[in-house]
Amino acid sequence: MSDLSTHNIMYLPGVGPKKAEILKKELKIVSFEDLLYHFPYRYVDRSRIFQIREIKGDMPYIQVKGKVTSLRMVGEGRGKRMTGTFSDGTGILELVWFKGLKYLKEQIKPDETYILFGKPSRFNNTINVVHPELDKEQTRKVPFFAGLQPFYNTTEKMKNSYLGSRAIFKMVQNVFQSYNSVIPETLPAAIIERMKLMNLNQALRNIHMPPEADTLRKASFRLKFEELFYIQLNILRLRNQRTFNQKGHVFAKVGSFFNQFYSQNLPFELTNAQKRVIKEIRRDMGSGHQMNRLLQGDVGSGKTLVALMIMLIAIDNNYQACIMAPTEILATQHFESISQMLEGINIQVGLLTGSTKKTQRDKLHTALQTGELNILIGTHALIEDTVRFHNLGLVVIDEQHRFGVAQRARLWKKNLTPPHVLVMTATPIPRTLAMTTYGDLDVSVIDELPPGRKPVETTHTYHNKRLGINKFVKQQIDAGRQIYVVYPLIEESEKMDFQNLTDGFEYIREAFPNNKVSMVHGKMKPTEKDAAMQEFASGKSQILVSTTVIEVGVNVPNASVMIIESAERFGLSQLHQLRGRVGRGADQSYCILMTGYKLSSETRQRMEIMTNTNDGFEIAEADMKLRGPGDLEGTQQSGLPFELKIANLAKDTRILQMARNMAHDVLKEDPLLETQANSILRRQLKKLAQQKMNWAMIS
Ligand code: ADP
Ligand code: MG
């Protein structure tokens with residue numbers, strides 16, 4: 001039995017070293033196997049032959065049978081083209097070619113019956129087809145023309161070297177012809193049977209050459225299932241290994257710091273959800289195994305307090321703890337609110353960011369190493385190698401989606417025994433994505449907001465309704481509330497955006513002459529930023545004009561209105577994050593989405609979702625459906641560590657769940673995959689680890 005992956009594509013008939021080089025460069029296709037796993041991205045049903053009189057200009061493609069009734073060269077130089085007419089007795093099509101004219105003119109014969117394929121368009125009263133494909137009826141090959149025709153991704157470079165979609169298909173056919181053995185199965189027989197899957201050999205044939213839709217569906221199911229199954233098997237296996245093997249600090253007790261805080265300093269009653277997740281986390285941290293937990297909770301659900309209380313448990317057990325936040329504003333804010341909440345309790349808290357002065361930094365470093373400092377709060381600066389702890393027991397990462405997986409891993413290494421890790425996020429990750437990217441983490445959810453919060457009322461309106469908005473803003477300010485106005489600042493159009501921001505700032509200053517207006521943006525010096533934030537947080541200014549630097553975490557409970565300018569330029573989860581800056585106090589809060597009149601239907605949907613729901617999970621699911629997981633905000637940076645070849649996390653949720661259940665069952669019976677029946681799984685995991693995916697990145 002020879003392995004498909006050992007057959008070099010270069011030796012496939014019609015390929016050779018030159019094309020092989022291009023395939024390698026453009027699509028990383030080196031072996032027969034690589035080619036067979038380059039799946040079509042769409043199919044066109046070519047079983048149907050239309051009559052010309054049925055054809056309408058808006059059809060995506062057509063296939064008709066008839067003769068070329070005239071051919072004519074027209075124009076000169078660059079405008080040169082060939083036109084023709086095509087008839088099947090029921091009507092006439094106009095044909096146009098711009099390239100390869102001489103060759104085509106010689107090839108096309110007037111008496112020949114052709115199958116014509118192409119995209120129609122209506123022009124005046126005729127139907128045109130530009131560059132139609134013409135195939136002689138006699139040489140029409142099954143299954144190429146009889147069933148579903150596959151279309152493959154190719155690049156411009158490939159097309160220039162005669163490696164278009166049809167050429168790829170020819171190569172695939174050749175592989176099946178020249179590779180005589182049966183393609184070895186990559187899933188155990190028991191799984192194939194239980195899931196009633198098509199075998200690999202058939203699945204690969206049918207994904208490229210499906211005779212009809214149902215067979216294609218079965219082939220695609222098999223391949224998607226397998227792809228997701230191996231991801232899940234690997235994630236769950238790693239997670240088992242960690243739970244069994246990775247020793248963790250044992251935080252055996254809840255001591256005096258925690259108790260003192262609970263009885264004297266806790267400013268409010270914990271919500272039931274907060275109590276529950278603290279319990280879950282405590283259980284993990286006392287188990288002797290290292291904790292790796294994801295804490296999800298919508299904006300304003302009180303994650304910071306949870307983080308603080310579990311840090312107190314770490315300190316009660318003589319360990320240090322740290323919090324890493326994605327922005328300086330947020331780190332500073334955590335530092336201030338945590339220092340304040342710990343008033344009267346003998347715990348040392350430090351703040352380390354990019355703008356911490358050297359003398360202060362040195363002091364922090366020393367205090368960290370001696371163990372004098374109990375809690376360190378900061379930005380990415382925490383990851384620096386120069387930051388060394390005496391004994392780091394717990395790492396909290398706030399707004400996880402802003403950090404890469406690699407950064408998370410670096411914090412792990414700050415201690416010989418890896419610290420317990422809690423990652424917190426307010427951008428709820430759709431379940432499917434969580435199962436794939438964070439599948440090895442345990443998950444706690446705060447599914448309850450502190451009492452007395454009223455859901456933010458959201459409206460969508462247009463830029464030219466500004467005067468009405470101003471009136472409303474004035475009422476709110478008169479009632480003692482504060483206002484955010486946010487402008488997009490996106491790098492490519494930075495200059496113009498900046499202009500918009502400063503113009504907006506001037507406009508608002510003029511519109512509200514009796515109020516103080518502050519402004520923050522990313523280009524300001526940290527000290528200026530802090531001063532402006534401080535002005536707003538303390539209530540000295542009533543309006544804060546800003547960019548998205550305030551997107552995550554910023555907490556000014558007295559602010560009750562969030563105005564988002566050019567809201568069409570923000571993604572859903574970003575809008576949701578921004579909206580989360582209000583509705584933090586007891587007052588009714590409002591979010592106003594300002595856009596232009598002309599909106600794409602996708603943008604309209606986004607605005608609608610925002611006005612219809614406050615539920616972050618619902619929004620995340622909708623976001624993924626609208627944009628696809630690759631684009632999902634917050635996952636770009638952390639990134640899917642692998643590329644899915646066929647499965648789609650937004651659409652294949654059901655298959656993903658089945659794959660996960662199956663992986664779970666397999667590992668339950670055979671945790672180390674030691675049985676003979678599972679040797680195929682071991683082999684396949686190993687192969688995938690070497691070839692396609694960087695598994696290590698997932699954990
Ligand atoms: P997030 O989960 O978005 O990080 P925060 O931790 O910033 O939310 O909390 C939002 C606000 O809710 C803060 O002002 C915090 O003091 C307050 N808060 C947290 N827990 C409670 C609670 N149990 N009861 C009342 N208010 C709370
Ligand atoms: Mg927060």
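In percent, rounded to a whole number, the relative contact order of region 457-613 is 33, using alpha-carbon pairs under 8 Å and six or more apart. The relative contact order of the chain comes to 12 percent, based on Cα pairs under 8 Å that sit 6 or more residues apart. Please report, as a whole percent, how much of the solvent-accessible surface of the chain comes from carbon and sulfur atoms (probe radius 1.4 Å). Exposed carbon and sulfur together represent 51 percent of the surface. Return the tail of the calculated pair distribution for region 48-146, meaning the percent of Cα-Cα pairs more than 18 Å apart. Pairs farther apart than 18 Å: 45 percent. Summed over the residues of the chain and divided among them, the accessible surface reaches 48 Å² per residue at a probe radius of 1.4 Å.
For region 457-613, what D do you get in µm² per second when you plug the Kirkwood radius from alpha-carbon pairs into Stokes-Einstein at 37 °C and 0.692 mPa s? Stokes-Einstein gives a translational diffusion coefficient of 210 µm²/s. Projected onto planes of every orientation and averaged, the convex hull of the alpha-carbon atoms in region 283-364 covers 6.8 nm². Ellipticity at 222 nm from helices only: DSSP H runs of n ≥ 4 in the chain, each -39500 (n - 2.57), divided by the residue count, give -12000 deg cm²/dmol. Listed peptides 38-49, 569-580, 605-616 appear in the order 569-580, 605-616, 38-49 once ranked by packing, highest mean of other Cβ atoms within 10 Å at the front.
Per residue, the average separation of C-alpha pairs within less than 8 Å and at least 6 apart gives region 68-199 a relative contact order of 14 percent. Set against the 2.2 N^0.38 Å expectation for a compact globular protein, the chain has a Cα radius of gyration ratio of 1.17. Number of Lys-Lys pairs in region 15-129 with C-alpha atoms under 17 Å apart and a separation of 8 or more places or on different chains: 12.
Sparse packing (at most 10 other Cβ atoms within 10 Å of the Cβ) combined with a DSSP loop state is found for the following trypsin sites (Lys or Arg not before Pro) in region 167-261: LYS196.
Using a probe of 1.4 Å on the protein chains alone, the accessible area found for ASP88 is around 40 Å².
The values are calculated or read from the model by the stated rules, or taken from the named source; none is laboratory data. Quantities reported herein were computed from a predicted structural model and do not represent experimental measurements. Glycine gets a Cβ as well: all are built from the backbone with ideal geometry, and neighbour counts include every protein chain shown. Accessible surface areas use protein heavy atoms only, side chains included; no ligands, DNA or RNA. Shrake-Rupley method; radii C 1.70, N 1.55, O 1.52, S 1.80 Å.
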